[in-house]
Ligand code: NI
């Protein structure tokens, strides 16, 4: 059964997807650009609301060796705006004979000591520009099937790249909130047992 919200058809097209191993299910959505963009444009707002002007320790705690603090995640997101999503989408859209992406350096520019407010402002500005570029391309459904070549995965579609951009945002927001929650692992005392996020083996 389809329900509608503010005149738009519901897009829970795939219905429930069952994990055969555990029997658990979740529902999924088909990728639609006009549903993806509103998430992409909210991420800087979400991060600024969460992090700007917070007592600094919250933004510097991490989850241990080789893990990232909130500051480092924001620096990583800035790097993605400059070098990953839109540059790769542009390579796909041009459909020239050489369509291989440059590898994305996940560890570039992480250690910036600039004020977090500057990092958040830069991320906001870059993302606004990139969303404007994405909208300006005015891509159609058929453009979503165009492909580029990922250095590890081989052929990937525009649809997959843009869906990955959204999931990348959401997973880093989850990472930041998880890292912050874990800073109080000892502080909550016995309540630790109630929170999956405080169990050290939970990484997502
Ligand atoms: Ni990432």
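The values are calculated or read from the model by the stated rules, or taken from the named source; none is laboratory data. Quick caveat: nothing in here was measured; it's all calculated off a predicted structure. No Cβ is skipped: glycine too gets one built from the backbone with ideal geometry, and neighbour counts run over all protein chains shown.
A compact table of results
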read-out: Positions within segment 62-83 being within 18 Å of residue 164 (Cβ to Cβ) and within 13 Å of the ligand (Cβ to nearest atom), in sequence order; value: 73, 76, 77, 78, 79, 80, 81, 83
read-out: 3 or more residues surrounded by fewer than 17 Cβ atoms within 10 Å (Cβ to Cβ): qualifying helices (runs of 4 or more DSSP H) within segment 26-97; value: 33-51, 56-60, 85-94
read-out: Condition met for residue 123 (over 19 Å from residue 177 (Cα atoms) and either within 16 Å of the ligand (Cβ to nearest atom) or in contact (Cβ under 8 Å) with a residue 40 or more places away in the chain (or both)); value: no
read-out: Answer from 186, 171 - the residue that is without any contact (Cβ under 8 Å) to a residue 24 or more places away in the chain and either closer than 15 Å to residue 46 by Cβ or assigned to a loop (DSSP other than H, G, I, E, B) (or both); value: 186
read-out: Residue within segment 112-119 that is modelled with pLDDT of 95 or more, surrounded by 13 or more Cβ atoms within 10 Å (Cβ to Cβ) and either touching a strand residue (DSSP E or B) at 6+ places or on another chain (Cβ under 6 Å) or within 26 Å of residue 71 (Cβ to Cβ) (or both) present; value: yes
read-out: Residue in segment 128-150 that is within 16 Å of the ligand (Cβ to nearest atom) and over 28 Å from residue 51 (Cβ atoms) present; value: yes
